[in-house]
Amino acid sequence: MTRARFARFAWAVLAYNLAVIMWGVLVRATDSGAGCGDHWPLCDGAAAASPSFAHIVELTHRISVGIGIALVSLLVLGAFRIFPRKHRVRLAAVIAFSFTMSEAVIGAALVLYKLVQHNPSIYRAVALSGHLSNTFILLAGLTLTAWWASGAPAIRLRQQGDMTWALLIALAGAMLLGISGTVAALGDTLYPAHSLAQALQQDLSPTATVLIRLRLLHPLIALSVGLYLLLTAGLVSHLRPSEATQKYSGGIVVIFLIQMCLGITNVLLQAPIWMQLAHLLVADLLWIDLVLLSAAALAEGVPHRETSRRAADPAGHHPAGWRDYVALTKPRVISLLLLTTLAAMYMAGRPSLCLVLAVAGGGYLAAGAANTFNMVIDRDIDGVMVRTQQRPVVTDTITSLQALRFAFMLEVVSFTLLWAAANLLTAVLALAGLAVYVLVYTLGLKRRTWHNIVIGGAAGAFPPLVGWAAVAGHLDLMAWCLFAIIFVWTPVHFWALALLIKDDYASVGVPMLPVVRGDRVTVVQILGYAVLTCVVSMAGVVVLIHTAAAGGGWLPASIGGLVSTAAGKMDIGLLACAAVLNVLLLARSYQLCRTPDRPRASSLFHYSMAYLALLFVLMAIGHAAHL
């Protein structure tokens, strides 16, 4: 057998094992795990099964597993015949064989210990979690066997910096996601619901078991892990540029989006068997793609864009201090984001001081991580633009590797802190804002289209969602109104700044609106978005007043009447103040549109920050009047 034929055989064995895994899901989903009784490997102590559906499904699965063991054994023999000693293909094939055997052992244990059919014990959930983990490692071994047999270069872990850890965390997260999905699917099998309303009632019941509660938790875990996978794929594509990393990074994005659509459909259709099969198949494909991305990113010969220049001139650099690391987070930029976060918290309810401090800290860390990733990615153009030439990553005061490590650390601490102090939704929203900023804006749009800030600027609209979710535990219409205000305000604010620094952007070829369309088009766009901002902000104020009007209903009638009167006057004052802020925004935008010069652009830029800050503070105060 030639190496080319062996590689084709290895890919075929991988495909066959995917089919075996799908059949195993069918066994669990149809409650056929006890189809052969508690006998193993024979069925009811005999080689043949009775013609019942459960017997046929279970026996067929056992036969397919036996064929799989034979195929993997042939794979190992071929690897040892064709490839020399200590070759990576031999190692991968041995790993695949080892976990194929342990897969069979776990399957036998499930049957012999009766952890099948309607068994709802926590031991069954633990056993299925181990089964899923073993399956993923088996797939990884088969994938690497086929990948390396096809001529791919070996992995070199030395001098990979924190990219190794980032990918290991991604792999661990994907495995955790698979485990939560497996246990959630077990809950669907053991506790089926006839409607979405009944499923939610089961999930939210105070007496619900862990298997049921995980059905509600799994989507949030999927979103948080998925966002991290997208972030890692984007960074790998940029920092380890090669044909393979580009292909598999794109695969992560496509497969994850398909998986999200399948997950939503699975929930709406109450997890029919065919949807469970499709959902797990795509999960396996996502895992395989992630394994291939990791192998391609860590392969020898792949260029490293984050390589430091410090080694070439060690005398020209000074050690980094804490101020340099703070500078990576862009604290001046974050301050306005934090204000909108805290204001949203007070619009959502009465947060405790501890919650406010925790959310402020977690929000700062998430935004700081996003800004640090941005500096690493944009190091090449930051070194050319005048206003960014002294950034720590550009000067190598902090190397790109150190900055990446710092950014990942900030994000991990932020996610943990927000989850522990508030809830998982809050942590996921903060991570989503980071992912939009890094993936959509910095990596996706910034260097490709002048629409970059219109779409990617949505990242700056996530902070009020984070604050609202931290207090309310959910998102309602008012939270999305706050999101919309910042979303339509961002072009007004940023394009005013872009007019001031358009020469910098032109020097590095970043297609900001003033660079590609000119000042006249830019100021007209600014005026249009200013009008839209005024409409959306006034609508948000009206929604806030309407939703807060029920406050004070628990007070005695006499006191409640006084509170209502005072709140009504406060509402009128809030509307008036919001109107004044909007009139000033329109006036400055109109002045810039008539005379597009630097003084008026600077005036609008600085006022836009004051506008957003005052608007959110006034709305928080107005809401407090009803409490």
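The values are calculated or read from the model by the stated rules, or taken from the named source; none is laboratory data. This structure is a prediction, so every number in the text was calculated from the model and none was measured. Note: ideal-geometry Cβ built from the backbone for every residue, glycine included; neighbour counts use all protein chains shown. All accessible areas refer to the heavy atoms of the entire protein, side chains included, with ligands and DNA or RNA removed. Shrake-Rupley method; radii C 1.70, N 1.55, O 1.52, S 1.80 Å.
Please identify the cysteines of the chain that lack any partner cysteine with a Cβ under 4.7 Å from their own Cβ.
Lone cysteines by the Cβ rule: Cys261, Cys354, Cys481, Cys534, Cys577, Cys593.
Could you give the C-alpha radius of gyration of segment 389-432 expressed as a fraction of 2.2 N^0.38 Å, taking N as the number of residues it contains?
This ratio for segment 389-432 stands at 1.50.
Report the extension gain between Ala420 and His606 in nm, rounded to one decimal, defined as 0.36 nm multiplied by the number of residues separating them, less their alpha carbon distance.
That works out to 63.3 nm of additional length.
Please give the calculated 222 nm ellipticity per residue for the chain, where each DSSP H segment of at least 4 residues contributes -39500 (n - 2.57) and the sum is spread over every residue; nearest 500 deg cm²/dmol?
-25500 deg cm²/dmol, from helical runs alone.
Using only alpha carbon pairs under 8 Å that are at least six residues apart, calculate the relative contact order of the chain and give it in whole percent.
Computed value for the chain: 11 percent relative contact order.
Report, in debye and to the nearest 20, how large the dipole of the chain comes out about its Cα centre when Lys and Arg carry +1 and Asp and Glu carry -1 on their Cβ.
1320 debye
Only four residue types carry charge here, +1 at the Cβ of Lys and Arg and -1 at the Cβ of Asp and Glu. Report the dipole size of segment 58-106 about the Cα centre in Debye, rounded to the nearest 20.
420 debye
Write down the radius of gyration of segment 76-148 and its Dmax, each obtained from C-alpha positions, in Å.
Taking only Cα atoms of segment 76-148, I get Rg and Dmax of 15.5, 49 Å.
Quick one: pull the percent of accessible area on the chain belonging to carbon and sulfur, 1.4 Å probe, ligands and nucleic acids left out.
70 percent
May I ask for the longest run of the chain untouched by chymotrypsin sites (Phe, Trp or Tyr not before Pro) that are loop-located per DSSP and have at most 15 neighbouring C-beta atoms (other than their own) within 10 Å?
By the stated rule (loop sites, at most 15 other Cβ atoms within 10 Å), 114-553.
What's the longest uninterrupted piece of the chain once you rule out the trypsin sites (Lys or Arg not before Pro) that are loop residues per DSSP with at most 11 other Cβ within 10 Å?
159-447
Taking 0.36 nm per residue of sequence separation and subtracting the Cα-Cα distance, how much length would be gained by fully extending the chain between Met409 and Tyr16, in nm to one decimal?
137.5 nm
Compute the orientation-averaged projected area for segment 122-188 from the convex hull of its Cα atoms and round it to one decimal in nm².
With the hull built on Cα positions only, its mean projection is 5.6 nm².
Given a Förster distance of 45 Å, report the FRET efficiency between His451 and Arg158 from their Cβ-Cβ distance, rounded to the nearest 0.05.
0.60
Given the convex hull over the Cα atoms of the chain, what projected area results after averaging over all orientations, in nm²?
33.3 nm²
Each residue of segment 162-173 in turn: what ³J(HN,Hα) in whole Hz from Karplus with 6.51, -1.76, 1.60 and θ = phi - 60°, glycine and Pro shown as x?
Those phi angles translate into 8, 4, 4, 5, 4, 6, 5, 5, 4, 5, 5, x Hz.
Tell me, what is the FRET efficiency for Ile69 and Ser150 to the nearest 0.05, using R0 = 25 angstrom and their Cβ-Cβ distance as r?
Step by step, r from the Cβ atoms, then E = 0.60.
Please compute the modelled spin-label separation between Gln389 and Asp503, points set 7 Å along Cα→Cβ, answer in nm with one decimal.
Once both label points are built, they end up 1.2 nm from each other.
How much length is gained if the chain between Trp165 and Tyr123 is pulled fully straight, taking 0.36 nm per residue apart and subtracting their Cα-Cα distance, in nm to one decimal?
12.0 nm
Using square roots of five times the C-alpha gyration tensor eigenvalues, list the equivalent-ellipsoid semi-axes of segment 322-388 in whole Å, biggest first.
Semi-axis lengths for segment 322-388 are 30, 11, 9 Å.
Step through the residues of segment 615-623 one at a time and calculate ³J(HN,Hα) from phi using the Karplus curve (6.51 cos²θ - 1.76 cosθ + 1.60, θ = phi - 60°), rounding each to whole Hz and writing x for Gly and Pro.
4, 5, 5, 4, 5, 5, 5, x, 5
Round to the nearest 0.05 the FRET efficiency obtained for Ser52 and Met101 when R0 = 35 Å and r is the Cβ-Cβ distance.
Rounded to the nearest 0.05, the efficiency is 0.75.
Determine how many Å³ per residue the convex hull of the Cα atoms of segment 299-450 encloses.
Normalising the Cα hull of segment 299-450 by residue number yields 147 Å³.
What ³J(HN,Hα) values, in whole Hz, does the Karplus curve 6.51 cos²θ - 1.76 cosθ + 1.60 give for segment 72-84 when θ = phi - 60°, with x put for Gly and Pro?
Each residue's phi maps through the Karplus curve to give 5, 4, 4, 4, 5, 4, x, 4, 6, 7, 8, 9, x Hz.
In what sequence, largest accessible area first, do Ile485, Ile106, Ile169 appear using a 1.4 Å probe?
Final ranking, largest accessible area leading: Ile169, Ile106, Ile485.
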